[in-house]
Amino acid sequence: MTNSRLPFMINPRLDLLTDYPFQRLTALLQDPPGAEPINLSIGEPQHQPPAMVTRILAEQAAGWGKYPPTIGTPPFRTAVGAWLTNRFHLPAGAFDADKQILPLAGSREGLFQVIQIVCRAAPDQPPPLVLMPNPFYQVYAGATYLAGAEPVFVPASRESGFLPDFSALPESILQRAALAYLCSPANPQGAVAGLSSLRRTIALARRYGFVLAADECYSEIYDQIAPVGALEACGGDFANVLVFHSLSKRSSVPGLRSGFVAGDARLIDAFRRFRAYSGTAMPLPVVAASTALWQDETHVVENRALYRAKMDAAAAIFGDRLGFYRPGGGFYLWLDVGDGEKAALRLWREAGVRVLPGAYLGRPGPDGVNPGAAFVRIALVQDLATTERALERIANTLVTA
Ligand SMILES: Cc1ncc(COP(=O)(O)O)c(C=O)c1O
């Protein structure tokens, strides 16, 4: 007998992940805050969730004693199908809710998992490519690396309207693409893809045989015009397209962990088979509460008005300073501050306001430049008075003239 132990075998792909942005922010902001702290760094809605949530969870408590089905319940699928059809003007009968919808424990879970059903491991071939905007929601890259695929970071800077133009990629890249993530309204910039641009991207996905994963979790938080969605741009045939939606932002319930994926029936079937093994089916009380939330628009209209009031306040405070613009959707400000990391540090030390350096959401391009480096992302998730106080402090700290 010896005392020696074999080392653990840790998946080396984990080394490809950078620290998550909020870990990096904690490391950056070690000093005490310069004033009473206000956190605008994380996109976690702080508005009051609708009262029906706690009521329904209590009424449906017997459901905690059951293993939930992967596909949710018929009322859930019907409610989501009706919501999608109405919200995105889908042709009547073009959408089979029983075959084209799967509940998710938040859209994040599905965005992370989708790659498992589209990236095949082919030992004699180079790894598949996954297209994504840059800057981007970090889960896209994490999912890509852990699946043994390679990310292609497609600039989503001011020049491209803060959205990625996949059609500008070389043929050699498009041919190896297995998946493309598109976020509209975009986190962090709030840009909204138009119908013709979505149609072009879907045509590209079909021509080159990749899947479009349309992350639309911010679709219900908008200023004036309801953003169009990828299903709407499909022309009645959902081939190659999956859309991801969530109640986290729409209904201010990030802790409920409730979302869904919908679209191409073949992909949904593959996803269902995958998820029968991976687990995390949505618990039945959560399914019941989610069903009711998807059926109700009143609370969503009220929620949107709260965000709009905060965007009004931001417009009044910043005007055209720090590159302020009113995003088409989402609840973030994407301010051009010259050096985002320096500005975030200063805002914390001098004003107690916690914001996220844009660089933590981007990767350097071939020119070595990180397209987020000049920006900070500010999440307007607190109440109006707190948000106004924080934005005044930001303006007073960063605006010199
Ligand atoms: C762009 C984007 N996609 C997806 C998500 C995941 O949200 P959830 O899992 O709460 O639905 C977030 C959350 O902040 C996000 O910003």
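The values are calculated or read from the model by the stated rules, or taken from the named source; none is laboratory data. Quantities reported herein were computed from a predicted structural model and do not represent experimental measurements. Cβ placement follows ideal geometry from the backbone for every residue including glycine, while neighbour counts extend to all protein chains displayed. Note: accessible area is taken over every heavy atom of the protein model, side chains too, but ligands, DNA and RNA are not part of it. Shrake-Rupley method; radii C 1.70, N 1.55, O 1.52, S 1.80 Å.
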Scope the range 207-217; condition touching a strand residue (DSSP E or B) at 6+ places or on another chain (Cβ under 9 Å) and part of a helix (DSSP H, G or I); matching residues: TYR208
Neighbours by Cβ (under 9 Å, 6+ apart or cross-chain): first from the range 138-150, in contact (Cβ under 8 Å) with a residue 24 or more places away in the chain and over 12 Å from PRO128 (Cα atoms); second of a type in the set (Lys, Arg) and part of a loop (DSSP other than H, G, I, E, B): ALA141/ARG363
Among the candidates ALA379, ALA374, residue that is in contact (Cβ under 8 Å) with a residue 24 or more places away in the chain, touching a Ser or Thr at 6+ places or on another chain (Cβ under 8 Å) and within 20 Å of PRO133 (Cα to Cα): ALA379
Residue under evaluation ASP96, criteria (1) away from the ligand (no atom under 16 Å from the Cβ); (2) open to solvent by less than 70 Å² (accessible area, probe 1.4 Å); (3) farther than 30 Å from VAL287 by Cα; (4) in contact (Cβ under 8 Å) with a residue 24 or more places away in the chain, criterion not met: (3)
Residue among PRO164, PRO135 that is within 13 Å of the ligand (Cβ to nearest atom), of a type outside the set (A, V, I, L, M, F, W, C) and more than 23 Å from GLY279 (Cβ to Cβ): PRO135
Listing of helices (runs of 4 or more DSSP H) fully contained in the range 237-303 that carry 2 or more residues being small (Gly, Ala, Ser): 265-278, 284-295
Evaluation of LEU104 against (1) away from the ligand (no atom under 12 Å from the Cβ); (2) open to solvent by less than 20 Å² (accessible area, probe 1.4 Å); (3) over 30 Å from ALA373 (Cα atoms) (one fails), failing number: (1)
First in the range 264-278 and modelled with pLDDT under 95, second anywhere and open to solvent by less than 40 Å² (accessible area, probe 1.4 Å) and assigned to a helix (DSSP H, G or I), Cβ under 7 Å, 6 or more apart: SER278/GLN113
Flag if PRO254 is within 16 Å of the ligand (Cβ to nearest atom), open to solvent by 10 Å² or more (accessible area, probe 1.4 Å) and more than 30 Å from ASP19 (Cβ to Cβ): no
Top-ranked residue in the range 167-187 [being within 16 Å of the ligand (Cβ to nearest atom) and of a type in the set (A, V, I, L, M, F, W, C); ranked as farthest from ALA359 (Cα to Cα)]: LEU179
Complete set of residues in the range 266-306 that are under 30 Å from LEU391 (Cα atoms) and either polar (S, T, N, Q) or open to solvent by 10 Å² or more (accessible area, probe 1.4 Å) (or both): GLU297, THR298, HIS299, VAL301, GLU302, ASN303, ARG304, ALA305, LEU306
Some residue of the range 218-234 being out of contact with any Leu (no Cβ under 9 Å at 6 or more places or on another chain), of a type in the set (A, V, I, L, M, F, W, C), assigned to a loop (DSSP other than H, G, I, E, B) and surrounded by fewer than 22 Cβ atoms within 10 Å (Cβ to Cβ): yes
Test: residue in the range 173-181 that is in contact (Cβ under 8 Å) with a residue 24 or more places away in the chain, crowded, with 22+ Cβ neighbours inside 10 Å and assigned to a loop (DSSP other than H, G, I, E, B): no
Residue check, GLY372 in a loop (DSSP other than H, G, I, E, B) and surrounded by fewer than 18 Cβ atoms within 10 Å (Cβ to Cβ): no
Only listed residue being more than 12 Å from the ligand (Cβ to nearest atom), open to solvent by 60 Å² or more (accessible area, probe 1.4 Å), part of a loop (DSSP other than H, G, I, E, B) and touching a residue at least 60 places away in the same chain (Cβ under 8 Å), chosen from PRO126, PRO91: PRO91
Which listed residue, of PRO49, PRO21, PRO68, is touching a Phe, Trp or Tyr at 6+ places or on another chain (Cβ under 6 Å) and either over 30 Å from GLU341 (Cβ atoms) or open to solvent by less than 30 Å² (accessible area, probe 1.4 Å) (or both): PRO21
